[in-house]
Structures are given as structure tokens and as C-alpha cells.
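Working notes, beginning with the structure itself.
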Amino acid sequence: MAKYFPNESEQHIKIQLYRFTKQGLLTRLKRGVYTFPSSSHDELLVANTLYQPSYISLESALNYYGIIPDITQTVTSITRKKIGHITTPFGSFTYHQIKKSLYFGFYKVLSVEADEYYDIAQKEKALLDYFYIRKITNTDGLRLNLAKIDKKIYKMYLQKFPHWVQKIKI
């Protein structure tokens, strides 16, 4: 908002945001992040906006690609910052911390509902993040459509993960 009203004080802008929220003209997602209540909301874009830097991964990305059939109730993301969970009127969002050396393998996707981009893990990276964060040691009993995984990319990314993840056969 300060960008749109450069001559206004920070305090005045905060007061106006509070008033607009009370009147129902804005919806507060978290401190400093607001949206219009009537606009459509792409959950993946909201997840990326709420916590930065982050990218969509784990079950959310795997479902997005059709690798797992389950639809998740919470959008799961990876971040280099602290682990957190945020609930908004537009969904529930969980963020998992990962080592800096494993923060890679994502790209930008244009939101279908908004003219903005969000970051999402590549299929192979989402699968590895899933194994790593959920501490999965084998794929027995998991309903995974591994035909969609590019083995070359998977093996390239796999080299950066700990030895116990590298032992998982797909």
C-alpha cells in the first residue's frame, strides 16, 4: 500500500488497512498481507505469497502432477525459514524448513485464476522432498504414479540428498 500512497505515513496506512478490514473491503491473510474478499483465490498462489521464499511441494505438488491421487486439505510448501502453519479464510497452509543445499528444483507457473506466478517443485524434486520431509524409507504401500517421473532428473537431484534417501527404490 505504501507503494500506491507514497505521501502517506506508515501509521496512516496501517489505520486505513485496519478500517478497510473492519468494513469488509479487505481480508487480512496475515500481518502485512491483505486481499480483496470478492476476488478469486488460487490456493497455490496464496501459499507462495504468505511465506517467502517458498515453493509448493510434497503432497500438494505431487497431487498437482497426478503422481498421488489424494487431494490434500492443506497446501504444503518448502522454505528455508522456520517451520510454520497459517490458516486463512482461503485455506490452510503448512511450510516445512529444508537445508539451503536442498532448496532447488522449482520453477514459476502462471496462476489460472490470477495473472501472477507462483513457485512449484518439479515432479522429481517434489517426490524427493516428500521422502525427505516425511522420512519415508521405502515406497511399499504408497499410491504413487511413478511413470510420470523422469528418472534422469530424479537421479540428478537424488545425489544432493542424504544417503538414506538415496537408498529408496522407485
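The values are calculated or read from the model by the stated rules, or taken from the named source; none is laboratory data. Bear in mind the structure is a predicted one, so any value in this text is a computation, not a measurement. Heads up, the Cβs are rebuilt from the backbone with ideal geometry, glycines too, and the neighbour counts pull from every protein chain shown.
Could you grab the pairs with beta carbons closer than 6 Å, sequence gap of 6+ or different chains, first residue in region 140-168 and on the phi < 0 side of the Ramachandran plot and of a type in the set (K, R), second one exposed (fewer than 12 other Cβ atoms within 10 Å of the Cβ) and in a helix (DSSP H, G or I)?
Partner pairs satisfying both residue conditions: none exist.
Being in a helix (DSSP H, G or I) and out of contact with any Phe, Trp or Tyr (no Cβ under 9 Å at 6 or more places or on another chain) is the filter here; which residues of region 130-145 pass it?
Y130, I133
Conditions (1) among the small types (G, A, S); (2) over 26 Å from T21 (Cα atoms), marked per residue:
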| position | (1), (2) |
| --- | --- |
| D42 | no, no |
| H85 | no, no |
| T94 | no, no |
| Q97 | no, yes |
| L102 | no, yes |
| A114 | yes, no |
| Y118 | no, no |
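Scanning for something of a type in the set (A, V, I, L, M) and under 29 Å from A121 (Cα atoms), does region 9-27 turn up at least one residue?
No, region 9-27 contains no residue that is of a type in the set (A, V, I, L, M) and under 29 Å from A121 (Cα atoms).
Give me a count of the residues in region 61-80 that are small (G, A, S) and under 12 Å from D119 (Cβ atoms). Write out each step before concluding.
We begin by selecting, within region 61-80, every residue small (G, A, S); these are 61, 66, 77.
Subset that is under 12 Å from D119 (Cβ atoms): 61, 77.
Total satisfying the criteria: 2.
With assigned by TED's automatic domain parsing to the domain that holds L58, under 27 Å from K82 (Cα atoms) and among the charged types (D, E, K, R) as the only criterion, which of D115, D129, D150 stands out?
Selected residue: D129, the only one of D115, D129, D150 that is assigned by TED's automatic domain parsing to the domain that holds L58, under 27 Å from K82 (Cα atoms) and among the charged types (D, E, K, R).
Within region 136-159, which residues are among the aliphatic types (A, V, I, L, M) and either surrounded by 12 or more Cβ atoms within 10 Å (Cβ to Cβ) or closer than 15 Å to L58 by Cα (or both)?
Pass one, region 136-159, residues among the aliphatic types (A, V, I, L, M): 136, 142, 144, 146-147, 149, 153, 156, 158.
Hits for region 136-159 are I136, L142, L144, L146, I149, I153, M156, L158.
Okay, residues lined up against (1) more than 22 Å from I149 (Cβ to Cβ); (2) within 20 Å of the chain's Cα centre (by Cα):
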| site | (1), (2) |
| --- | --- |
| F5 | yes, no |
| S57 | no, yes |
| Y64 | no, yes |
| S77 | no, yes |
| I86 | yes, yes |
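Identify all residues within region 1-41 that are among the charged types (D, E, K, R) and touching a residue at least 12 places away in the same chain (Cβ under 8 Å); write none if there are none.
Narrowing region 1-41 to residues among the charged types (D, E, K, R): 3, 8, 10, 14, 19, 22, 28, 30-31.
Of everything in region 1-41, just one residue is among the charged types (D, E, K, R) and touching a residue at least 12 places away in the same chain (Cβ under 8 Å), namely K30.
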